[in-house]
């Protein structure tokens, strides 16, 4: 039996009455999963000595929203279920995150994450794998955007959505612009694009390598319904998607993320685009992510217990 | 060839509601016209965006459609090679790629629009069926097979057809005999075989040798046995409207090298050069691929 806690310090100051309790609880639930995902994906990449930590950590909130935030129809017990929405990961270098998220969602056991990018393990860039819920091979940047557009055309009459992840580096590919024009032309309101804006890419900062200008203005002018999620948690991303309004246009979410989120020395540093920490730095990364996981877990437990707190009765 | 393919696509589209077609602003000249008119809801004009056209076709295919994507061969597979490799072939997407106006085409459009490299680009890709028809019957048979089977396929089409004798039977597994002969053989692919037939006729009028003409329609997954009918000839000339490096001769030469019972193989194609802007017949001469050139080569080999 857990001892009933004394919540009076909070209730006395009116803190709890100011909270939308259900919302805070949902936020805490998703944050706990996202924190676990960050730890798991880093552990996977460290074990493999392979991967792209910056975007894998930065996009854990999005993948939490997709697989646990009830915005994407999916069925881990039947990965190729006909009624599923499709997830197209065009920025395939985040394969460790895709596989970690699929495993956490129950598509396959975590033991499959071993030997990443080695013989017998899951590949370094995603390979189409219907049994594990991977829709297509990707990694050659730009191509997944077109595939997502094609899928959305085919699935729109069936009222199924296509979720596409891409990035502010990937949009340098000309094919992306070809595909986005078609998405607008065919009024693909079932296409939901998440553009990871972490400002870094393989050789440095995106702003130095090939600046794309004001993305919000650009995509709005092209005809997208643009929403901006700035350093958003999984809950906020899911909320933003659910609140989208347009029914005649594709959705483009500018997702301003923090590359390397959760590891103090990695955050916003292009060095960690595809560099795996070793030695003490590796230990530090895993320690910091463990601490955040525990903190997120404690907060969720706190809010869960508060359901029964005297102040709410 | 494009008109015949267009008819076959229309037929297939009537049978199979799952077929969709995409083009990159060239539907009229690349075999999609009839389909686009009959099924506007299943035709997608992708604009001058060949790479996206192939990727979107792959996406439609992965979502359950059979997608036909057409452009000029110089642009697709020319520009779209990596999309065909990764988005179509790697995931075995049910996409049918039409490369129209292979070879010299009209000639007058100039070298940017002439495609002499498409066999090299496609025959190297895993899971891709490569169809290279020469005659009317070939086009119909290729179209029927590719539109009724599952998986990535490429068909190369030209405006000009090779005439076929009444007894001609196209084979999609081995060689198709266009003309009998017992001394020498020409083996070729695509519409240029029309020139081989003409050249051989003149050759036979002026020499004691009879020359057979064979047509090779399927260019993927070759095996040595299909060349057995060539064993009794004195020599074989391989003719193609394609760069000799990476074309038909490059595909079949290893079989001739490995099997000592096969006769010597000579090759005739485009020798690592670009075309030019002129009438098609002038361009064949410019590229040393005219009937006269073929005749000279046969005479040379027979001497």
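The condition of being under 20 Å from residue B:142 (Cβ atoms), in the same structural domain as residue B:146 (by TED's automatic domain parsing) and buried (at least 24 other Cβ atoms within 10 Å of the Cβ) holds for residue B:57. Return the residue satisfying two criteria in turn: it lies in segment B:20-65 and is at the interface with chain A (Cβ under 8 Å from one of its Cβ atoms) and not in a helix (DSSP H, G or I), and of such residues it is farthest from residue B:10 (Cα to Cα). The extreme case among them is B:49.
Of everything listed in (1) within 14 Å of chain B (Cβ to nearest Cβ); (2) touching a residue at least 40 places away in the same chain (Cβ under 8 Å), the single unmet condition for residue A:232 is (1). Within segment A:51-71, not a single residue is within 14 Å of chain B (Cβ to nearest Cβ) and either touching a residue at least 12 places away in the same chain (Cβ under 8 Å) or touching a helix residue (DSSP H, G or I) at 6+ places or on another chain (Cβ under 8 Å) (or both).
Listed by first and then second residue, the pairs linking a residue in segment A:148-167 that is within 7 Å of another protein chain (Cβ to nearest Cβ) to a residue that is in a helix (DSSP H, G or I) and modelled with pLDDT under 95, with Cβ atoms under 7 Å apart and 6 or more places separating them unless they lie on different chains, form an empty list.
Per-residue answers, yes or no, for (1) at pLDDT 95 or above; (2) under 13 Å from the mean Cα position of the chain (by Cα):
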site: A:214; (1), (2): yes, no
site: A:217; (1), (2): yes, no
site: A:229; (1), (2): yes, yes
site: A:246; (1), (2): no, no
site: A:252; (1), (2): yes, no
site: A:255; (1), (2): yes, yes
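Scan segment A:111-122 and give yes if some residue there is under 22 Å from residue A:261 (Cα atoms), touching a helix residue (DSSP H, G or I) at 6+ places or on another chain (Cβ under 6 Å) and buried (at least 18 other Cβ atoms within 10 Å of the Cβ), otherwise no. Yes, segment A:111-122 contains at least one residue that is under 22 Å from residue A:261 (Cα atoms), touching a helix residue (DSSP H, G or I) at 6+ places or on another chain (Cβ under 6 Å) and buried (at least 18 other Cβ atoms within 10 Å of the Cβ). The single residue among B:143, B:196 that is touching a residue at least 60 places away in the same chain (Cβ under 8 Å), in the same structural domain as residue B:79 (by TED's automatic domain parsing) and not in a strand (DSSP E or B) turns out to be B:143. Of all residues in segment A:89-110, those being in contact with a helix residue (DSSP H, G or I) (Cβ under 8 Å, 6 or more places away or on another chain) and under 18 Å from residue A:52 (Cβ atoms) number 14.
The values are calculated or read from the model by the stated rules, or taken from the named source; none is laboratory data. The structure displayed is predicted, hence computed values, not measured ones. Note: ideal-geometry Cβ built from the backbone for every residue, glycine included; neighbour counts use all protein chains shown.
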